[in-house]
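Each reported figure results from applying straightforward, stated rules to the coordinates on display, with no laboratory input. Computed from a predicted model, the values in this text were never measured in an experiment. Please note: Cβ atoms are built from the backbone with ideal geometry, for glycine as well, and neighbour counts cover all protein chains shown.
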Amino acid sequence: MRSLFISLQSEFYKSRKTLAFWAAILLPLVICGLITFGFFSNADKIIKMNYPPQALWMTFSGGALGVMGMLILPFYVIFMAFSVNNIEHKNDTWKTLFAQPLNKLSIYAAKYLYAVLLIFICLFLFAFFTILFGHLLQALNSKFTFNGFSPVSILSKVYFKMFLSSLGILSLQFIISLIWSDFLKPMGIGFVGVIAGIIAATKGWEYAYMIPYSHPTLALSMSKSKNMDAIFTQEIYVSLIYAVVFFIAGYFIVAKKSIK
């Protein structure tokens, strides 16, 4: 446990100035901020539509969820998985990393858990800023009806489901970024995977859940349906299975890499 904690600290210090780290904070802030500005600029039109409080919250939060769930989340996960491993590729420090008097599994697990933590922070901030800016709009214009409903429970479930749906992509891209050190192969494979996943999910292919890149889109579409309260749906179970299998496979790959 001590080895894992030390390795996690090391990952933070190595990546705290990288784009992947700051994107976890800035993406939610910028996107939610832009949607809030749009709502505020069109306040009169939106108020005239006379949305019930819950519908108003869903309309407001749906702007961030739609963009983030289908495009930003998958691409952020792909880029972040590359960035976490690229630190070692770029500096050629895999051998040095595993020469430390720390458990190899702890070192590898720390890199993976750090990536998981960044995804969690990113999605948590999406939910947090959505709620915060919704109440800010209410304070700026009392004609809004945001104060008539609390979206905390619904948004917590939806964003947690999005988090679970991203783990399969993370584990697969983690392996790809371990095998190839260049930028084009991991990002290229990920790009094709995301496009294929979105097409399979939106066109209703019955086996779309087998494609890890389709899981965020499937999870989002299920959250908008009558099953919005169900977190552990088919694609989430498959995502978690992929996450475990690819995590184990990735350890054997990086362990061999360390003794080159």
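So here's what we get for this one:
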quantity: Nearest-ten-degree value, helix 2-15 long axis tilted from longest Cα axis of the chain; calculated: 70 degrees
quantity: Nonlocal Lys pairs with alpha-carbon distance under 30 Å, the range 37-182 (8 or more apart, or different chains); calculated: 11
quantity: Extreme residue, positive dipole direction of the chain, given options L65, Q173, V30 (C-beta unit charges); calculated: Q173
quantity: Crossing angle, helix 152-179 versus the chain [Cα axis fit, 0-90 degrees, rounded to tens]; calculated: 30 degrees
quantity: Ranked list, fewest to most other Cβ atoms within 10 Å of each Cβ, for M1, M162; calculated: M1, M162
quantity: Excluding exposed DSSP-loop chymotrypsin sites (Phe, Trp or Tyr not before Pro) (at most 12 other C-beta within 10 Å), longest clean stretch of the chain; calculated: 1-206
quantity: Loop trypsin sites (Lys or Arg not before Pro), the range 1-93 (other Cβ atoms within 10 Å of the site Cβ: 12 or fewer; DSSP); calculated: R16, K17
quantity: Lys, Arg +1 and Asp, Glu -1 on Cβ, resulting dipole of the chain about Cα centre, debye, nearest 20; calculated: 380 debye
quantity: Rounded tilt (10° steps) of 19-41 against the dominant C-alpha axis of the chain; calculated: 10 degrees
quantity: Residue among S214, T233, L19 farthest towards the positive dipole end of the chain, charges placed on Cβ; calculated: L19
quantity: Relative contact order (percent, whole number), the range 2-257, Cα cutoff 8 Å, 6+ residue spacing; calculated: 27 percent
